[in-house]
1. Of the residues B:Arg77, B:Arg68, B:Arg37, which exhibits the maximal mean-square fluctuation in a Gaussian network model of chain B defined by a 10 Å Cα contact cut-off?
2. Using modelled backbone amide H atoms (1.01 Å from N, in-plane), which distant-in-sequence or interchain residues come within less than 5 Å of A:Asp101's amide H?
3. Given N residues in chain B, what is Rg(Cα) / (2.2 N^0.38 Å)?
4. How far apart, in nm, are two points set 7 Å out from the Cα along the Cα-to-Cβ line at A:Val3 and at A:Lys42?
5. Take chain A, connect every pair of alpha-carbon atoms lying under 10 Å apart with a spring to form a Gaussian network, then pick out the residue of A:Ser83, A:Ser95, A:Ser25 with the largest mean-square fluctuation.
6. I need the calculated FRET efficiency for the pair B:Asn54 and B:Asn23, taking r as the beta carbon distance and R₀ as 25 Å, to the nearest 0.05.
7. With a 1.4 Å probe and all protein chains kept in place, how do B:Lys3, A:Lys20 rank by accessible area, largest first?
8. Using θ = phi - 60° and the Karplus relation 6.51 cos²θ - 1.76 cosθ + 1.60, list the HN-Hα couplings for segment B:60-69 in order, rounded to whole Hz, with x at every Gly or Pro.
Amino acid sequence: GAVVSQHPSRVICKSGTSVKIECRSLDFQATTMFWYRQFPKKSLMLMATSNEGSKATYEQGVEKDKFLINHASLTLSTLTVTSAHPEDSSFYICSALGHTDTQYFGPGTRLTVL
Amino acid sequence: DAKTTQPNSMESNEEEPVHLPCNHSTISGTDYIHWYRQLPSQGPEYVIHGLTSNVNNRMASLAIAEDRKSSTLILHRATLRDAAVYYCILKQGGSEKLVFGKGMKLTVNP
């Protein structure tokens, strides 16, 4: 149980375009989801906390207008990287908070901005 | 957030037990000790967590020192699939956030 999926698994886009990443909890409902970013050989950095039906809470230094988060249902949160640039290329990972206060992570989305 | 200290890396042999240490000398009374691991190019995977007492599950055991200033994740019989970066994280009681440190890379030799 406690499976989280992400789509797409990898995406390549041109500089200046926007990219949407979906995160779904497949077999449980998640009021709270999280978005992380991970650069090569680095650890995960929390970007924002997404709560169903309310605005996301962003970590310090993360631009909310650039990384749009929508958590419209108890099983889906989306992250849109707007006007992507090469420096936004990274591994984006979501997680969903389970009922035992455990975070269950998605497989990640590799974004490459040309 | 209270900090944890782990070795950068460890090596083990397949089918042998592995003890992964973690120091957290500034742990507070409400901090839970969580362990996650991450295989290459994948999202992290929950391993185990505990507060004061030792914990066992199908994946591993967690031994927590009496003063809670250190803990050890025990893999009873390492397999090649256990090769990953292991993160020891202190999670504040009442907080939903996980703050990942550098973690420790475990290599399992056949």
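The values are calculated or read from the model by the stated rules, or taken from the named source; none is laboratory data. Every value quoted in this text rests on a predicted model; they were computed, and no experiment measured them. Glycine gets a Cβ as well: all are built from the backbone with ideal geometry, and neighbour counts include every protein chain shown. To get the accessible areas, we keep the full protein, side chains included, count just its heavy atoms, and leave off ligands, DNA and RNA. Shrake-Rupley method; radii C 1.70, N 1.55, O 1.52, S 1.80 Å.
1. For chain B, modelled as a Gaussian network with Cα springs under 10 Å, the answer is B:Arg77.
2. Amide H neighbours of A:Asp101, under 5 Å, 5+ apart: none.
3. Values: Rg = 13.2 Å, N = 110, 2.2 N^0.38 = 13.1 Å.
Cα-based Rg divided by the globular estimate yields 1.00.
4. Label at A:Val3, label at A:Lys42, 3.2 nm between them.
5. In this elastic network of chain A, the residue with the biggest mean-square fluctuation among A:Ser83, A:Ser95, A:Ser25 is A:Ser83.
6. Working: r = 17 Å, r/R0 = 0.69.
The formula returns an efficiency of 0.90 here.
7. Details: B:Lys3 155, A:Lys20 120 Å².
Heavy-atom accessible area, descending, gives B:Lys3, A:Lys20.
8. 6, 10, 10, 9, 10, 4, 4, 8, 6, 8
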